[in-house]
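Reading through the structure tokens given below for one structure.
Each value in this text was obtained by applying a stated rule to the coordinates, not by laboratory testing. Not measured: the values here are computed from a predicted model. Methodologically, a virtual Cβ is constructed for each residue, glycine included, from the backbone with ideal geometry; neighbour enumeration extends over all protein chains shown.
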């Protein structure tokens, strides 16, 4: 890694942290470390500089860098500080999308801090992890399917494809010549997949087939009309507990934090004004008088949680890295 270059997201994050506090961050975080530089009389403290270095190097200290890298990092931090000052002078931190970006960044940072503190003493127990593993296994599909398809634009054309198959033409040859899906290059082959990875119309028709059979009626999905052939099936081989233990820890912790935020939602006094705000923003709408209910826009909503969401069932070891062809993945 070239530590002499600065990562802009870190600068943005640090700017967000300082957006709602005095210019000298050291006074708000009890940072009494000596300055490594001053910018127009305002110090950049040693601890702040080390925090910055840690962020751009993945956890290293400035002592781990060369003198040239340390100096370059400090210059970039000073440069970012000066640019940030100019933005504040011009009022950019309080206008347009910039103000919203800063607020959302602030909320994300605070949410992460609360999450870390809440989960620090709530490590998943072995019993919780085992229970989550069993729950995931129970929801896993038990069978994988190997199939191919031909995708065309109209039902009559799809029916003609079926008639040609009935007369003995090869499925893969027809796919290469007639299908409008990218899988045509592989003779329509979609590889191995579980039904939940396909749209319901497709998977429903597929699981009704026996190996070697193809659909004798065209199957319509949002992508067009399909002729589907099932090649073979196999039993899903679930991952072992040890293989997914780390992921299970993330899932269990995410659920715990979700329960915590659910409780915050339950006990807070929340008034949802989305529909009312939409009406007031509609063309020709008369704005409410000052002081009237709804005259002040509601606070911006919190960003989506940075906590890893509950995972789907653990992926079977036989699942290919490449998903099925584009026209048929389930978008839901």
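Here are some notes:
- On the basis of the beta-carbon distance and an R0 of 56 Å, residue 82 and residue 234 show a calculated FRET efficiency of 0.35.
- FRET efficiency, residue 177 to residue 140 (Cβ-Cβ, R0 41 Å, nearest 0.05): 0.65
- Extension gain (nm, one decimal) between residue 100 and residue 278, 0.36 nm per residue minus Cα-Cα: 62.2 nm
- As computed over region 97-140, the Cα convex hull volume per residue (Å³): 78
- Modelled label positions at residue 47 and residue 160, each set 7 Å beyond Cα in the direction of Cβ, lie 7.6 nm from each other.
- FRET efficiency for the pair residue 66 and residue 266, taken as 1/(1 + (r/R0)^6) with r the Cβ-Cβ distance and R0 = 45 Å, rounds to 0.25.
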